[in-house]
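Novice: Handing you this structure, nothing more for now.
The values are calculated or read from the model by the stated rules, or taken from the named source; none is laboratory data. Being a predicted model, the structure only gives us computed values, none of them experimental. Here the Cβ positions follow ideal geometry from the backbone for every residue, glycine too, while neighbour counts run over all protein chains shown.
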């Protein structure tokens, strides 16, 4: 049986955001929205009977509703990693304003639902990307979720939304400026490596491992562990060597509380 997995990413171009001042905006409960036409790209890569489908789709809507007259103090930035410039603060409003909401892939994500954060630098330019999480645990399970936001061409956008039924974790390889996404189900793991190109996350590698009886590329019963890199079967030694580049314990993301 083939396994299909759908991954949300941001492919957003030409997003223009204009937020009106408090004067003349109407009631506090009102919201200004700027919409960008969705772009959808479907990529299907098949190796033998192992097939992975990636659907990239994004429609961006930025909403600020019910702005308070009193603004909280900026959040503590202890979560900033190495390589992040001092004073980099495009994300200050994101961390302090729980009324902000962004739409991605047809769904709206209210930033008030995320109480923890981390900073990464996938472009390697000292201008960080912001990771928000519903939990301080690195392993996201059940209803927990993480999202990644970035400032691209002066505008804030969601790059990706990460949750998974069997649980998942995000990893950050600072040396190579790569993002890793590890997902797990009973008897198998599927992991993906991303880079940031032109303001969007691009998958550059997939690493899949299956315990006996869980390999979707095997007809009948699989009696040994199977390992794949980009859909091609490899030895366990080859797999572990590549896997350790992006998914070591030292690279798993940890989160700091947001001080709102």
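Novice: Return yes when residue 221 is closer than 15 Å to residue 122 by Cα and either modelled with pLDDT under 95 or under 13 Å from the mean Cα position of the chain (by Cα) (or both) and no when it is not.
Specialist: Considered against the rule, which asks whether it is closer than 15 Å to residue 122 by Cα and either modelled with pLDDT under 95 or under 13 Å from the mean Cα position of the chain (by Cα) (or both), residue 221 comes out as no.
Novice: Give the range 224-243 a look and list any residue that's in contact with a strand residue (DSSP E or B) (Cβ under 9 Å, 6 or more places away or on another chain), modelled with pLDDT under 95 and surrounded by fewer than 17 Cβ atoms within 10 Å (Cβ to Cβ), or say none.
Specialist: Passing the criteria: only 225.
Novice: Now a separate question. I need a count of the residues in the range 116-146 that are surrounded by fewer than 18 Cβ atoms within 10 Å (Cβ to Cβ) and farther than 14 Å from residue 167 by Cβ.
Specialist: Total satisfying the criteria: 6.
Novice: Considering only residues that are farther than 15 Å from residue 209 by Cβ and more than 9 Å from the chain's Cα centre (by Cα), which ones fall in the range 170-184?
Specialist: The answer is 171, 172, 173, 174, 175, 176, 177, 178.
Novice: Also: For the range 114-140, name all the residues that are part of a loop (DSSP other than H, G, I, E, B) and within 15 Å of the chain's Cα centre (by Cα).
Specialist: Matches in the range 114-140: 114, 121, 122, 123, 128, 134, 135, 138, 139.
Novice: In the range 192-208, what count of residues is obtained for those that are surrounded by 17 or more Cβ atoms within 10 Å (Cβ to Cβ) and either modelled with pLDDT under 95 or within 14 Å of residue 152 (Cβ to Cβ) (or both)?
Specialist: The total comes to 4.
Novice: Next question. Looking only at residues in the range 70-108 that are farther than 16 Å from residue 126 by Cβ and at pLDDT below 50, which one is surrounded by the fewest Cβ atoms within 10 Å (Cβ to Cβ)?
Specialist: Ranking the candidates gives 70 first.
Novice: What are the residues in the range 134-156 that are within 20 Å of residue 89 (Cβ to Cβ) and in contact (Cβ under 8 Å) with a residue 12 or more places away in the chain, if any?
Specialist: The answer is 147, 148, 149, 150, 151, 152, 153, 155, 156.
Novice: Shifting gears a bit: In the range 157-180, which residues are touching a residue at least 60 places away in the same chain (Cβ under 8 Å) and assigned to a strand (DSSP E or B)?
Specialist: 157, 158, 159, 160, 161, 169, 170, 171, 172, 173, 178, 180
Novice: Kindly provide the set of residues from the range 131-181 that are within 23 Å of residue 248 (Cβ to Cβ) and in contact with a helix residue (DSSP H, G or I) (Cβ under 9 Å, 6 or more places away or on another chain), ordered by number.
Specialist: Correct list: 171, 172, 173, 174, 176, 178, 179, 180.
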